[in-house]
1. Kindly provide the set of residues from the range 252-271 that are surrounded by 10 or more Cβ atoms within 10 Å (Cβ to Cβ) and part of a helix (DSSP H, G or I), ordered by number.
2. Pick out the one residue from Ala24, Ala43, Ala34 that is assigned to a loop (DSSP other than H, G, I, E, B) and buried (at least 20 other Cβ atoms within 10 Å of the Cβ).
3. Among the residues of the range 180-220 satisfying the criterion of being touching a residue at least 40 places away in the same chain (Cβ under 8 Å) and out of contact with any strand residue (DSSP E or B) (no Cβ under 6 Å at 6 or more places or on another chain), which is nearest to Ile126 (Cα to Cα)?
4. Suppose we keep only residues that are farther than 21 Å from Asn18 by Cα and surrounded by fewer than 21 Cβ atoms within 10 Å (Cβ to Cβ) within the range 46-75. Which one would you say is farthest from the chain's Cα centre (by Cα)?
5. Filter the range 94-127 down to the residues that are hydroxyl-bearing (Ser, Thr, Tyr), in a loop (DSSP other than H, G, I, E, B) and surrounded by fewer than 21 Cβ atoms within 10 Å (Cβ to Cβ) and list them by number.
6. What's the number of the condition Tyr105 fails, among (1) more than 18 Å from the chain's Cα centre (by Cα); (2) under 19 Å from Ala209 (Cα atoms)?
7. Can you tell me how many residues within the range 148-162 are surrounded by 17 or more Cβ atoms within 10 Å (Cβ to Cβ) and among the basic types (Lys, Arg)?
8. Which one of Val81, Val120 is over 17 Å from Asp190 (Cβ atoms) and either in contact with a Leu (Cβ under 9 Å, 6 or more places away or on another chain) or among the hydroxyl-bearing types (Ser, Thr, Tyr) (or both)?
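The values are calculated or read from the model by the stated rules, or taken from the named source; none is laboratory data. Just so it is clear, the model here is predicted, and its values are computed rather than measured. Please note: Cβ atoms are built from the backbone with ideal geometry, for glycine as well, and neighbour counts cover all protein chains shown.
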Amino acid sequence: MRRSMLFLPGNTPNMIINGDALGADCIILDLEDAVSPDEKDAARLLVMSAMSRMGFSGVEITVRINSIDTDYWKHDIDAIVPLKPDLIMPPKASSREDILTVDAYIAEVERRCGMEVGTVRLIPLIETALGVENAFAIASACPRVAAIFLGGEDLTADLRCRRTKQGNEIDYARKRLVCAARAANVDVYDTPFTDVNDDEGIRVDAEYAKSLGFTGKSAIAPRHVKVINEVFSPTEKEIQYARMVFEAIRIGREQGKGAVSLLGKMIDKPIVERARQTLEAAKQLGLGGADDE
């Protein structure tokens with residue numbers, strides 16, 4: 001289960017080598033914004049070396065490549081795809097055509113390396129106004145898309161507004177991306193909370209993102225990972241309630257009831273689906289199985 005995604009600059013070996021010890025479900029090795037133009041080649045080599053020599057046990061690997069309007073992105077894909085990362089993150093995704101361009105080139109590299117086409121998945125980074133408006137087209141562009149991801153910093157620059165802790169300025173974008181992702185049946189991840197010293201702020205921001213329907217949240221600070229994991233994990237109370245739902249359904253079936261209630265409330269399809277999702281998440285996290293279903 002991918003709850004937290006932690007950005008690690010591609011030119012910081014001391015951070016990369018500890019990538020699987022920082023608690024995140026996924027680390028994002030960044031070849032784009034975190035790396036200056038004169039360090040692009042060196043960062044690419046460092047990321048290649050880390051991916052080929054380190055085990056990165058128990059953590060997914062995503063690589064954020066450079067955008068398709070630069071001279072770097074094909075070099076990034078040539079170097080990274082043969083190492084089979086879990087995900088490639090193309091930044092500044094603004095249209096379906098952007099995704100198909102990246103998809104086609106990855107497929108070319110996969111064939112060249114004798115890999116099955118589609119091995120490496122995509123998580124487009126949506127961080128422009130046009131990208132927000134085209135969110136569903138991006139999320140459903142091709143089977144390679146596993147999730148979409150909101151980039152709040154570049155988006156607010158494109159919107160010509162100030163980025164705030166409260167995040168009112170990106171509220172529409174957050175909701176738009178969640179709806180687009182769910183309509184396309186892919187996951188969706190929230191932008192980082194950028195005040196690395198505000199421990200209460202990250203919890204409030206993560207809880208709000210979860211309430212909107214985000215699958216998980218990203219971070220730029222390792223200290224935020226624990227809180228994100230906690231927020232996006234089912235609580236014991238939620239797990240117990242989900243078990244009660246399926247137990248009530250079982251008893252109702254034994255008694256031949258057409259309608260079943262629990263704690264004074266009818267158990268309808270949405271309640272059952274949420275209970276199923278809770279138990280499945282708990283099973284993936286080792287907090288209790290989904291066998292109750």
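1. Going through the range 252-271, the residues surrounded by 10 or more Cβ atoms within 10 Å (Cβ to Cβ) turn out to be 252-253, 257, 260-262, 267-268, 271.
Answer for the range 252-271, where residues must be surrounded by 10 or more Cβ atoms within 10 Å (Cβ to Cβ) and part of a helix (DSSP H, G or I): Gly252, Arg253, Ile271.
2. Values: Ala43 fails: assigned to a loop (DSSP other than H, G, I, E, B); Ala34 fails: buried (at least 20 other Cβ atoms within 10 Å of the Cβ).
Within the list Ala24, Ala43, Ala34, the selection yields Ala24.
3. Pass one, the range 180-220, residues touching a residue at least 40 places away in the same chain (Cβ under 8 Å): 180-181, 183-184, 186-192, 194, 205, 208, 214-220.
Subsequent filtering for residues that are out of contact with any strand residue (DSSP E or B) (no Cβ under 6 Å at 6 or more places or on another chain) retains 180, 183-184, 194, 205, 208.
On the way: Ala180: 12, Ala183: 16, Ala184: 15, Thr194: 17, Asp205: 19, Tyr208: 19 Å.
Selected residue: Ala180.
4. Start the filter on the range 46-75 by keeping residues that are farther than 21 Å from Asn18 by Cα, which leaves 66-75.
Those still in the list that are surrounded by fewer than 21 Cβ atoms within 10 Å (Cβ to Cβ) too: 67-72, 74-75.
Values: Ser67: 18, Ile68: 21, Asp69: 23, Thr70: 24, Asp71: 26, Tyr72: 24, Lys74: 23, His75: 24 Å.
My answer is Asp71.
5. Matches in the range 94-127: Ser95, Thr119.
6. Every listed condition holds for Tyr105 apart from (2).
7. Residues in the range 148-162 being surrounded by 17 or more Cβ atoms within 10 Å (Cβ to Cβ) and among the basic types (Lys, Arg): 0 in total.
8. Numbers: Val81 fails: either in contact with a Leu (Cβ under 9 Å, 6 or more places away or on another chain) or among the hydroxyl-bearing types (Ser, Thr, Tyr) (or both).
Going through Val81, Val120 in turn, just one is over 17 Å from Asp190 (Cβ atoms) and either in contact with a Leu (Cβ under 9 Å, 6 or more places away or on another chain) or among the hydroxyl-bearing types (Ser, Thr, Tyr) (or both): Val120.
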